[in-house]
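The values are calculated or read from the model by the stated rules, or taken from the named source; none is laboratory data. Just so you know, these numbers come straight off a predicted model, no measurement behind them. Heavy atoms of the whole protein, side chains included, go into the accessibility calculation; ligands, DNA and RNA do not. Shrake-Rupley method; radii C 1.70, N 1.55, O 1.52, S 1.80 Å.
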Amino acid sequence: MPKGYWIARVDVEDADGYPNYVATAKPAFERYNAKFLVRGGTLHPLEGTSRARNVVIEFASVQDALDCYNTVEYQAAVKIRQAVSQGDLIIVEGND
């Protein structure tokens with residue numbers, strides 16, 4: 001079964017409010033054993049548009065990635081994130 005990945009690109013507009021998103025999302029990530037492969041880090045834009053913060057999170061499966069997103073805890077975190085940042089989030093299937 002292929003792993004699932006969240007790929008998020010974010011511009012944080014309220015740095016003081018963003019930690020509330022992180023804290024609220026943490027229980028959902030822990031429940032689904034999310035593994036952060038990329039969390040911020042130096043960015044080298046080469047083509048197209050970019051955002052300041054990039055995150056890649058690995059899950060055991062695409063279903064786990066979807067289920068994590070749809071938890072009550074993460075949906076509460078989404079509201080916070082959307083209030084303090086602009087971004088894009090996709091879930092992709094990994095390559096076996």
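Quick rundown of the values:
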{"quantity": "In order through the stretch 40-50: 3J(HN,Hα) via Karplus (6.51 cos²θ - 1.76 cosθ + 1.60), integer Hz, x for Gly, Pro", "calculated": "x, x, 5, 10, 10, x, 10, 9, x, 8, 9"}
{"quantity": "Rg in Å to one decimal, and Dmax rounded to a whole Å, for the chain via C-alpha atoms", "calculated": "13.3, 39"}
{"quantity": "Nearest-10 value in Å² for the accessible area of ASP14, using the 1.4 Å probe", "calculated": "60"}
{"quantity": "Proximal aspartates and glutamates to LYS26, defined as alpha-carbon separation beneath 12 angstrom and excluding residues fewer than eight positions away on the same chain", "calculated": "GLU73"}
